[in-house]
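K.L.:
Below: one structure in structure tokens.
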Amino acid sequence: MKIVVDNAIPFVEGVFEPYAEVVYKPGSDICSDDVRDADALLVRTRTRCDARLLEGSDVRMIASATIGMDHIDCGYCASHGIYVQNAPGCNAGGVMNYVFSALYGVAARKGMDLTGKTFGIVGVGNVGGRVEAAARLLGFNVLLCDPPRAEREGGAQFCSLEYLLAGSDIVSLHLPLDSTTEKMADRVFFDRMRQNAFFINTCRGEVVDEAALKEARPKLGPVIIDTWNNEPFIDGELLSMADIATPHISGYSLQGKQKGTAAAVRAVARFFEITELFEFFPPAGSGSFSAVHLETAGKSQGEIASAIQYNYPIFTDDFLFRTNLEGFESIRTEYNYRNEFFF
């Protein structure tokens, strides 16, 4: 058996070697020659798994150590008998940490009072659900927009996008990228937002029409961007307009990466019946690592901001990125995974 692995997936080296030939390559460099005689692929978002890559190959399954699936042509895979598995929810805690470190950090820098603010969450899956739970615990009013969930579950807890944008002081996107969400945040979207509202995007860059965002920038309050159009070749002008800018690392927590790798390894193990790896979970390395509980009851906004920044000083990531725009991919590959916190 042969497995081709994105060499930026952590905790996987040595895991499959007792059972297969393993080839490690940068995700963006994996090509049709590499996979022609491969049985399985372990990838991230940087490997486009479509006919160009897979046609004529022996690939029978693809495991992605990410929540997103937009890098995989699932229609092609289904029609060619290729099983696909992602890692739903693996990065939810890390993204939640990022959102609130950014929110409280920027508010502290700008002297903004978050008391009584309304937090609008667009997309309430695994990640959006974690953001929702934290926002409620921290005392925000919450508005939720998720048409697929509203259709399945009834609309009582959800509102329209138009209502959310008009009523929210903070708008945070947590959407998959597909034909229904591409460029969803367009000129009309920003026109409907409140004056001086926060705008946060940690899902996929192409959900946003960046030209429309730049046009709307004078109206908006703080803008926080982790995902961009055309990564890694991002719009430097838009970056200069953002209050926090980072290179697609919002979900890069230690626990999130452990969960993503575990899900991918287990998927391959089950598909190929490698029983020894059915319950695989990667060790964190030396030392003890567990998510940190931050007590917020009775704490002031400043105290909460300080505790969050102590555990995840997000402005360090912002600074490293602004001083090395050409290092978009290297920053991600060499990122020092942070420990998660929860409220």
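K.L.:
With 47, 66 as the choices, which residue is touching a residue at least 60 places away in the same chain (Cβ under 8 Å), within 20 Å of residue 206 (Cβ to Cβ) and within 21 Å of the chain's Cα centre (by Cα)?
P.N.:
Every option except 66 fails the conditions.
K.L.:
May I ask you to list the residues in the range 16-47 that are part of a loop (DSSP other than H, G, I, E, B) and out of contact with any strand residue (DSSP E or B) (no Cβ under 8 Å at 6 or more places or on another chain)?
P.N.:
17, 18, 19, 31, 36
K.L.:
OK, next. Among the residues of the range 16-25, which ones are open to solvent by 20 Å² or more (accessible area, probe 1.4 Å) and either at pLDDT below 95 or over 24 Å from residue 330 (Cβ atoms) (or both)?
P.N.:
Listed by number, the residues that qualify are 17, 18, 19, 21.
K.L.:
Suppose we filter the range 188-209 for residues that are under 30 Å from residue 113 (Cβ atoms), open to solvent by 10 Å² or more (accessible area, probe 1.4 Å) and either in contact (Cβ under 8 Å) with a residue 24 or more places away in the chain or not aliphatic (A, V, I, L, M) (or both); how many remain?
P.N.:
7
K.L.:
Additional query: For the range 298-336, which residues satisfy the criterion of being at pLDDT 95 or above and of a type in the set (A, V, I, L, M, F, W, C)?
P.N.:
Scanning the range 298-336 gives 304, 305, 307, 308, 314, 315, 319, 320, 321, 328, 331.
K.L.:
Taking only the range 57-93 into account, find how many residues are farther than 30 Å from residue 294 by Cβ, touching a helix residue (DSSP H, G or I) at 6+ places or on another chain (Cβ under 6 Å) and crowded, with 22+ Cβ neighbours inside 10 Å.
P.N.:
The number of residues fulfilling the criteria is 2.
K.L.:
Are there any pairs with C-beta distances below 9 angstrom linking a residue in the range 1-26 that is closer than 16 Å to residue 277 by Cβ and of a type in the set (Val, Ile, Thr) to a residue that is open to solvent by 50 Å² or more (accessible area, probe 1.4 Å) and assigned to a loop (DSSP other than H, G, I, E, B), with the two at least 6 apart or on different chains, and if so which?
P.N.:
3/19; 5/13; 22/13
K.L.:
Which residue is least open to solvent (accessible area, probe 1.4 Å), if the candidates are limited to the range 217-253 and must be in a loop (DSSP other than H, G, I, E, B), hydroxyl-bearing (Ser, Thr, Tyr) and farther than 21 Å from residue 181 by Cα?
P.N.:
The first filter runs over the range 217-253 and keeps only residues in a loop (DSSP other than H, G, I, E, B), leaving 217-222, 226-235, 242-243, 246-252.
Applying the additional criterion that residues be hydroxyl-bearing (Ser, Thr, Tyr) yields 227, 246, 250, 252.
From what's left, farther than 21 Å from residue 181 by Cα: 246, 252.
Values: 246: 0, 252: 16 Å².
Taking the candidates together, the pick is 246.
K.L.:
So residue 96 ticks every box in (1) part of a helix (DSSP H, G or I); (2) under 18 Å from the mean Cα position of the chain (by Cα); (3) surrounded by fewer than 20 Cβ atoms within 10 Å (Cβ to Cβ); (4) of a type outside the set (D, E, K, R) but one. Which box is left unticked?
P.N.:
Answer for residue 96: the failing condition is (3).
The values are calculated or read from the model by the stated rules, or taken from the named source; none is laboratory data. As the structure is a prediction and not an experimental result, all values here were calculated from the model. Cβ sites come from the backbone with ideal geometry, for glycine too, and all protein chains shown count toward neighbours. Side chains included, ligands, DNA and RNA excluded: accessible areas come from the protein's heavy atoms. Shrake-Rupley method; radii C 1.70, N 1.55, O 1.52, S 1.80 Å.
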